[in-house]
């Protein structure tokens, strides 16, 4: 929980330093759900490592790039170009993570 909160606070500070101004209420409403999901993802990741075996959790975590490509192809296909090379790259990253997980 602390790591997720720290990530959320650090991201907010970096964004504020980068833009050199405070975010408007509209910007906060737009980006707060993404920041909250990002922070919660770390909470769930650490919880999974705490409760589960690394040999089970790590291969599942290694599939995150594949899920990113699949979701971007489904949700934002008009603005994000997802082609064969990108899909193949994501599959290779996942396969590499699976090989590393299987060899340990």
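The values are calculated or read from the model by the stated rules, or taken from the named source; none is laboratory data. If you're wondering where the values come from, they're calculated on a predicted model, not measured in any experiment. Cβ atoms come from the backbone with ideal geometry, glycine included; neighbour counts cover every protein chain shown.
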Q | Hey, residue 67 in the same structural domain as residue 91 (by TED's automatic domain parsing), free of Cβ contacts under 8 Å to residues at least 40 places away in the same chain and assigned to a helix (DSSP H, G or I) or not | A | yes
Q. Does any residue of the stretch 39-53 turn out to be outside any loop (DSSP other than H, G, I, E, B), more than 22 Å from residue 97 (Cβ to Cβ) and at pLDDT below 90?
A. yes
Q) Just for the stretch 72-85: of the residues that are surrounded by 12 or more Cβ atoms within 10 Å (Cβ to Cβ) and either modelled with pLDDT of 80 or more or out of contact with any helix residue (DSSP H, G or I) (no Cβ under 8 Å at 6 or more places or on another chain) (or both), which one is nearest to residue 58 (Cα to Cα)? A) 72
Q) Which of (1) touching a residue at least 40 places away in the same chain (Cβ under 8 Å); (2) over 17 Å from the mean Cα position of the chain (by Cα) does residue 23 not meet, given it meets every other one? A) (1)
Q) How about the stretch 41-51: which of its residues are in contact with a helix residue (DSSP H, G or I) (Cβ under 9 Å, 6 or more places away or on another chain) and surrounded by 12 or more Cβ atoms within 10 Å (Cβ to Cβ)? A) 41, 42, 43, 45, 46, 48, 49
